[in-house]
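Accompanying notes for the structure given below.
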Amino acid sequence: MEGLMRKSSKLVGLAGAVLALSLLAGCSSNEPSPETRAVNAANQADQAAARADAAAQKSAAAAAQAQAAASRVEQAASDAKAAADRAEAIASKTMVEHHVHHHVHHHHAAAEAAPAEAAPAAGGDSGAAPAPAPAPATP
């Protein structure tokens, strides 16, 4: 950009010198002289360069803002993943604790039920026929 601005400034200076010489020489007409047209073109080029420079600065600022926004989105995604991992760990731990508690509860209930079922078979008054006596051994 600076090179373009320097060239434009040199061109404007050169065109101004040519215009001054042509006025001293006494050239006068209703049409703009080539020197005047050159000065006008140089001025327009200088203005276009200034507008391009301003647009480049705005573009750089927009790119910096976009980069900052992308960084914030990346951080939010990282935070969300960490939260999901923590939730998964909590859910896994809860499921293991529930399974262990459920297993212990059923095991405990089965142990309590076993003596109650065995008592009538040991000769209690349950209304059922007593178990047959073992057969005598033969010599």
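The values are calculated or read from the model by the stated rules, or taken from the named source; none is laboratory data. What you see is a predicted model, and the numbers here were worked out from it, not measured in a lab. Here Cβ is always computed from backbone atoms with ideal geometry, including for glycine, and neighbour counts include all displayed protein chains. We work out accessible area using only protein heavy atoms, side chains counted, and drop any ligands, DNA or RNA first. Shrake-Rupley method; radii C 1.70, N 1.55, O 1.52, S 1.80 Å.
Exactly one condition in (1) at pLDDT 95 or above; (2) under 34 Å from the mean Cα position of the chain (by Cα); (3) open to solvent by 100 Å² or more (accessible area, probe 1.4 Å) is false for GLN47; which is it?
The number of the failed condition is (2).
Using the structure shown, decide if SER9 is open to solvent by 60 Å² or more (accessible area, probe 1.4 Å), at pLDDT 95 or above, in a helix (DSSP H, G or I) and among the hydroxyl-bearing types (Ser, Thr, Tyr).
No, not satisfied.
Can you report the number of residues in region 54-72 which are free of Cβ contacts under 8 Å to residues at least 24 places away in the same chain and open to solvent by less than 100 Å² (accessible area, probe 1.4 Å)?
Going through region 54-72 one residue at a time, the tally reaches 13.
Somewhere in region 80-88, is a residue within 29 Å of the chain's Cα centre (by Cα), in a helix (DSSP H, G or I) and among the basic types (Lys, Arg)?
yes
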